[in-house]
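K.L.:
Sharing a structure here in structure tokens format.
The values are calculated or read from the model by the stated rules, or taken from the named source; none is laboratory data. Nothing here was measured: the structure is a model prediction, and the numbers come from that model. Every residue, glycine among them, receives a Cβ derived from its backbone with ideal geometry; neighbour counts consider all protein chains shown. Areas reflect the complete protein model, heavy atoms only, side chains present, ligands, DNA and RNA absent. Shrake-Rupley method; radii C 1.70, N 1.55, O 1.52, S 1.80 Å.
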Number of protein chains: 2
Amino acid sequence: MLDRRKFIRNTSLATLGTWASIDALNARSSLFNNGPIRIGIIGTGLRGRSLASLILKRADCKLTAFSDIDPLAVAEMHKQIEKASAPKAVAYTDDPYAYRKLLESKDVDAVIIATPWEWHAPMSIDSMKAGKAVACEVNGAFSLQECWDMVRAHEQTGTPFMILENVCYRRDVMAVLHMHRQNMFGEILHCEGGYQHDLRHVKFNDGKQAYGGGVEFGEKGFSEAKWRTNHSVHRNGDLYPTHGIGPVAMFLDLERGNRMTYLTSMASPARGLHEYIVKKGGADHPNAKVRFELGDVVTTMIKTASGATITLTHDTNLPRPYSLGFRVQGTKGIWMDVNKSIYLEGISTYEQWEDAKKYYESHDHPLWKKYGSDAQGAGHGGMDWFVVNDFIEALKNNSPMPLDVYDYASWSAITPLSEQSIALGSEPVVFPDFSDGKWMKRKNVFANQE
Amino acid sequence: MLDRRKFIRNTSLATLGTWASIDALNARSSLFNNGPIRIGIIGTGLRGRSLASLILKRADCKLTAFSDIDPLAVAEMHKQIEKASAPKAVAYTDDPYAYRKLLESKDVDAVIIATPWEWHAPMSIDSMKAGKAVACEVNGAFSLQECWDMVRAHEQTGTPFMILENVCYRRDVMAVLHMHRQNMFGEILHCEGGYQHDLRHVKFNDGKQAYGGGVEFGEKGFSEAKWRTNHSVHRNGDLYPTHGIGPVAMFLDLERGNRMTYLTSMASPARGLHEYIVKKGGADHPNAKVRFELGDVVTTMIKTASGATITLTHDTNLPRPYSLGFRVQGTKGIWMDVNKSIYLEGISTYEQWEDAKKYYESHDHPLWKKYGSDAQGAGHGGMDWFVVNDFIEALKNNSPMPLDVYDYASWSAITPLSEQSIALGSEPVVFPDFSDGKWMKRKNVFANQE
């Protein structure tokens, strides 16, 4: 496999792209057929360890290595492996670039990346260049250039890449997708989604526990508060678009016959984080002086090549119940996530919502029917099992990744584009065509085992 | 009163505006104190006659005149008056400008305008110039200039003007407004609303009945299908913004300490109306050849001077249950209309929606408590009674109209502005300040009897 990869690297770039990737996958197959896939985990904080637990349970995978610079995260990962009665893994922990040593290891076939956002792209690119298949956690672009760099790294190396967008696998989302593929909603014209989650107790804590108990962040914070909150200090845009756009992309065939062409964004004032600090830490707490740029509610409208429109909401600083707020609306019907309702012309009582639960059950996606019990107990209501499983199965079968680098690039681009649009007073800004035209021919293969 | 009005007209324009209007109101008071207010109704189609029924029930009003050019609408109005055992009203019916004769009548103090959209502004302006107080049905601007003409006509004549936006008076909306005024939601940062109503059976009928039964419109259509549908043929924008923006305006103090500064709009493809024609009338029906420009789902984001954002949806061509989709979100809580839920920090169980019904009851607005039984049976769940009552009471009390010409102008401007934005690929477009700065000092007096 290594030789094969060298061959691909040396091939003139002009001949590379999708077909080269498929060749590379074929070449790689021999390895994976020989035994369990050897996984390295980069980033073993709470999220990394949660994904590790899924790997440790699989007979077709072996956790051989991991990397983190936080001694606590390293110790906990070792403990978890021991608890699972799995062989000890090699830990790379010396400095932020220790992961590059992991990438040199011959005992690693694929990596799972679960580090702070700013590391997703550089680590993914390094991993692809090292020939390690990559499953990267969601979120992570600061610029369109970074998205392009990811695309080019994948195209030039042919290394499999998947973005771990678990909400694409949410049971209700997949049931509704299953209905859509039976044409129950007609042509999809408008979708909504977003990330509406009160993260104040995630953005601030006491430096000892991950959730709440104080108003510290940055150096004095713990877990996500250590790095995530700083984005809310400096950036005004949709900082976390993939949970909303991922599922919507599957309905609208984005990057597969359709694509996002432009967006415009608008942000409300930023009040929630400051008020939380004052309320929980007092007006004299040093953090009460911090000025947060992130608007509490950021709304983004996206136009697609098919003409269909998408509205995304990012809302993480205010008191509210969790809701991704999906809406899928076509010429024949509509699904609303907020009130868990469906309306289908000619089927539902005229102008009356139906409880969507009935349809979630009657149209349960075949994948959930098949694997629902395997997924039980896995993170985020079982979604995490599915997203990891799809990555591993695609590797084993040499099949295209269901959520690939073009998804990564176009979804991640929403963040810098929304920042640009807001900075320009809601000017429309355009999406590059990261696939260089391949979107016109690519087929939607996500969960098409139905 | 007539002399007084002449005085105001002759006064230099520089001194006119709000204060002139109040003077004019004071001058007018003597008239209304002398007996019932004499009402003329312009437009006696279904809507006009529904409003007429409210007038006919009031002891403080007298329906003295009306105008329409449709013989059926005229005959029905006469019948309705007779049935109510009210004195016969003078009908002005000769031609589209017959209403101007009504405006010359000394037996009319105030007019209610319920004609097709394109007549709202010219008829309102003529009425104000004739010194007749105006209550105008919702919707109706094609250009910003038309909005300005309305504002200037009001400022120059001092004639009272009210826009009959009934949804401002919806019982749940007013209960939530009552809660807001007790600061239960904190600072309002983001609102949503819209007009989501499957109007296909309104836009098309058999030419004999108002709702459905065929796919005719225009000359061959009946009632609204006669004129309203043609807007969907030609115009792509939010054609009916006031039911959404009206209530939101009361929460965000628009034109009263705050105002809309710019918007950007996006439209989905137009499929619904054509598909309806084909389905109900067959692919060979002549209307199957009509190309409709109105996108089925039009989304508009609006920025306000306070920084708060508003999302409006216009969705009238697809199968769906009726929903105005309100959302009112502040630093302390959120109301969602779609799932009829409220969440208040520190009151609701953490991250759990509460059934809003409880709050609708416990925070029922004083106006509804007082007049709820009077409003029973009136159109649109009683809202119509309230909007007409507020107009009549403001006239009787010489108090400012609760929903006035600045509301009319700024709300109506959403339609041409959204058309412009869509035509320009979602470019942001700016709202003029129709109040010439008065918005900074005006107070929100809507329903402040609480």
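K.L.:
Does region B:94-108 hold any residues that are open to solvent by 10 Å² or more (accessible area, probe 1.4 Å) and either in a loop (DSSP other than H, G, I, E, B) or among the charged types (D, E, K, R) (or both), and which are they? Show your work before the answer.
P.N.:
We begin by selecting, within region B:94-108, every residue open to solvent by 10 Å² or more (accessible area, probe 1.4 Å); these are B:94-97, B:100-101, B:103-107.
B:Asp94, B:Asp95, B:Pro96, B:Tyr97, B:Arg100, B:Lys101, B:Glu104, B:Ser105, B:Lys106, B:Asp107, listed by residue number.
K.L.:
How many of the residues making up region A:52-93 are touching a residue at least 24 places away in the same chain (Cβ under 8 Å) and open to solvent by 80 Å² or more (accessible area, probe 1.4 Å)?
P.N.:
First, pick out the residues of region A:52-93 that are touching a residue at least 24 places away in the same chain (Cβ under 8 Å): A:52-58, A:60-70, A:73-74, A:76-77, A:80-81, A:84, A:86-87, A:89-93.
Narrowing the set further to residues that are open to solvent by 80 Å² or more (accessible area, probe 1.4 Å) leaves A:57, A:62, A:69, A:87.
The qualifying residues number 4.
K.L.:
Quick one: which residue in B:His234, B:His197 is out of contact with any Lys or Arg (no Cβ under 9 Å at 6 or more places or on another chain) and open to solvent by 20 Å² or more (accessible area, probe 1.4 Å)? Lay out the reasoning, then the answer.
P.N.:
Values: B:His197 fails: out of contact with any Lys or Arg (no Cβ under 9 Å at 6 or more places or on another chain).
After ruling out the rest, the residue left standing is B:His234.
K.L.:
Only one of these conditions is not met by B:Asp355: (1) facing chain A (nearest Cβ under 8 Å); (2) open to solvent by 50 Å² or more (accessible area, probe 1.4 Å). Which number is it?
P.N.:
With (1) facing chain A (nearest Cβ under 8 Å); (2) open to solvent by 50 Å² or more (accessible area, probe 1.4 Å) applied to B:Asp355, the lone miss is (1).
K.L.:
Cβ contacts < 7 Å: first residue more than 18 Å from B:Ser323 (Cβ to Cβ), restricted to region B:185-213; second residue among the aliphatic types (A, V, I, L, M) and open to solvent by 20 Å² or more (accessible area, probe 1.4 Å), any location; separation 6+ or different chain. Result?
P.N.:
Here the result reads B:Ala210/B:Leu46, each pair linking region B:185-213 to a residue that is among the aliphatic types (A, V, I, L, M) and open to solvent by 20 Å² or more (accessible area, probe 1.4 Å).
K.L.:
From the list B:Val173, B:Val134, B:Val111, exactly one residue is free of Cβ contacts under 8 Å to residues at least 60 places away in the same chain and of a type in the set (A, V, I, L, M). Which is it?
P.N.:
On the way: B:Val173 fails: free of Cβ contacts under 8 Å to residues at least 60 places away in the same chain; B:Val111 fails: free of Cβ contacts under 8 Å to residues at least 60 places away in the same chain.
Result of the check over B:Val173, B:Val134, B:Val111: B:Val134.
K.L.:
Next up: Would you be able to say whether some residue in region A:280-297 is open to solvent by less than 10 Å² (accessible area, probe 1.4 Å), small (Gly, Ala, Ser) and within 9 Å of another protein chain (Cβ to nearest Cβ)? Don't jump to the end; show me each part of the working.
P.N.:
In the first step, residues of region A:280-297 are kept if they are open to solvent by less than 10 Å² (accessible area, probe 1.4 Å); the result is A:294-297.
Those still in the list that are small (Gly, Ala, Ser) too: A:295.
Those left that are additionally within 9 Å of another protein chain (Cβ to nearest Cβ): A:295.
Among the residues of region A:280-297, at least one is open to solvent by less than 10 Å² (accessible area, probe 1.4 Å), small (Gly, Ala, Ser) and within 9 Å of another protein chain (Cβ to nearest Cβ), which makes the answer yes.
Residue-wise test of (1) open to solvent by less than 10 Å² (accessible area, probe 1.4 Å); (2) in contact with a Cys (Cβ under 6 Å, 6 or more places away or on another chain); (3) more than 14 Å from chain A (Cβ to nearest Cβ); (4) not in a loop (DSSP other than H, G, I, E, B).
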| residue | (1), (2), (3), (4) |
| --- | --- |
| B:Lys370 | no, no, yes, yes |
| B:Gly381 | no, no, yes, yes |
| B:Val388 | yes, no, yes, yes |
| B:Ser426 | yes, no, no, no |
| B:Pro432 | no, no, yes, no |
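K.L.:
Oh, and also: Within region A:238-279, can you find the residues that are more than 11 Å from chain B (Cβ to nearest Cβ), open to solvent by less than 10 Å² (accessible area, probe 1.4 Å) and among the small types (Gly, Ala, Ser)?
P.N.:
A:Gly244, A:Gly246, A:Ala249
K.L.:
Still on this structure, I have one more. Can you tell me which residues in region A:308-345 are more than 7 Å from chain B (Cβ to nearest Cβ), of a type in the set (A, V, I, L, M) and either assigned to a strand (DSSP E or B) or in contact with a Leu (Cβ under 6 Å, 6 or more places away or on another chain) (or both)? First the steps, then the outcome.
P.N.:
Going through region A:308-345, the residues more than 7 Å from chain B (Cβ to nearest Cβ) turn out to be A:310, A:312-317, A:323-328, A:330, A:335, A:337, A:340-342, A:344.
Those still in the list that are of a type in the set (A, V, I, L, M) too: A:310, A:312, A:324, A:328, A:342, A:344.
Result: A:Ile310, A:Leu312, A:Val328, A:Ile342, A:Leu344.
K.L.:
Looking at (1) over 19 Å from A:Val151 (Cα atoms); (2) in contact with a Pro (Cβ under 6 Å, 6 or more places away or on another chain); (3) touching a residue at least 60 places away in the same chain (Cβ under 8 Å); (4) assigned by TED's automatic domain parsing to the domain that holds A:Val176, which one does A:Asp390 not meet, given that it meets all the others?
P.N.:
(4)
K.L.:
Something else now. Based on this model, can you work out whether B:Phe185 counts as closer than 27 Å to A:Glu275 by Cβ and open to solvent by less than 10 Å² (accessible area, probe 1.4 Å)?
P.N.:
Values: closer than 27 Å to A:Glu275 by Cβ: yes; open to solvent by less than 10 Å² (accessible area, probe 1.4 Å): yes.
So B:Phe185 fits the description; yes.
K.L.:
The conditions are (1) more than 30 Å from B:Gln145 (Cα to Cα); (2) within 22 Å of the chain's Cα centre (by Cα); (3) open to solvent by less than 70 Å² (accessible area, probe 1.4 Å), and B:Tyr360 fails exactly one of them. Which is it?
P.N.:
(2)
K.L.:
Mind listing whichever residues of region A:200-222 are within 14 Å of chain B (Cβ to nearest Cβ) and open to solvent by less than 40 Å² (accessible area, probe 1.4 Å)?
P.N.:
Initial filter on region A:200-222 (within 14 Å of chain B (Cβ to nearest Cβ)): A:200-202, A:211-212.
Residues satisfying the conditions are A:Arg200, A:Val202, A:Gly212.
K.L.:
Follow-up. Taking region B:214-223 on its own, how many of its residues are in contact with a Lys or Arg (Cβ under 8 Å, 6 or more places away or on another chain) and in contact (Cβ under 8 Å) with a residue 60 or more places away in the chain?
P.N.:
Residues flagged as in contact with a Lys or Arg (Cβ under 8 Å, 6 or more places away or on another chain) and in contact (Cβ under 8 Å) with a residue 60 or more places away in the chain within region B:214-223 amount to 3.
K.L.:
Is it the case that B:Ala210 is among the hydrophobic types (A, V, I, L, M, F, W, C), modelled with pLDDT under 95 and farther than 29 Å from A:Met301 by Cβ?
P.N.:
yes
K.L.:
Now for a different question. A:Thr115 passes all but one of (1) touching a Gly at 6+ places or on another chain (Cβ under 9 Å); (2) surrounded by fewer than 21 Cβ atoms within 10 Å (Cβ to Cβ); which number fails?
P.N.:
(2)
K.L.:
Given the structure, is A:Ala225 open to solvent by less than 30 Å² (accessible area, probe 1.4 Å), within 24 Å of the chain's Cα centre (by Cα) and modelled with pLDDT under 95?
P.N.:
On the way: open to solvent by less than 30 Å² (accessible area, probe 1.4 Å): yes; within 24 Å of the chain's Cα centre (by Cα): yes; modelled with pLDDT under 95: no.
The answer is no for A:Ala225.
K.L.:
Continuing with this model, one more query. Which condition breaks for A:Ile422 when tested against (1) part of a helix (DSSP H, G or I); (2) more than 14 Å from every other protein chain (Cβ to nearest Cβ); (3) open to solvent by 10 Å² or more (accessible area, probe 1.4 Å)?
P.N.:
Of the numbered conditions (1) part of a helix (DSSP H, G or I); (2) more than 14 Å from every other protein chain (Cβ to nearest Cβ); (3) open to solvent by 10 Å² or more (accessible area, probe 1.4 Å), the odd one out for A:Ile422 is (2).
K.L.:
Let me ask something else about it. Suppose we filter region B:390-419 for residues that are among the hydroxyl-bearing types (Ser, Thr, Tyr), under 21 Å from B:Phe446 (Cα atoms) and part of a helix (DSSP H, G or I); how many remain? Walk me through how you get there before you give the answer.
P.N.:
Going residue by residue through region B:390-419, those that are among the hydroxyl-bearing types (Ser, Thr, Tyr) are B:399, B:406, B:408, B:410, B:412, B:415, B:418.
From what is left, the residues that are under 21 Å from B:Phe446 (Cα atoms) are B:399, B:406, B:408, B:410, B:412.
This time we only want the ones that are part of a helix (DSSP H, G or I), so: B:406, B:408, B:410, B:412.
Residues flagged as among the hydroxyl-bearing types (Ser, Thr, Tyr), under 21 Å from B:Phe446 (Cα atoms) and part of a helix (DSSP H, G or I) within region B:390-419 amount to 4.
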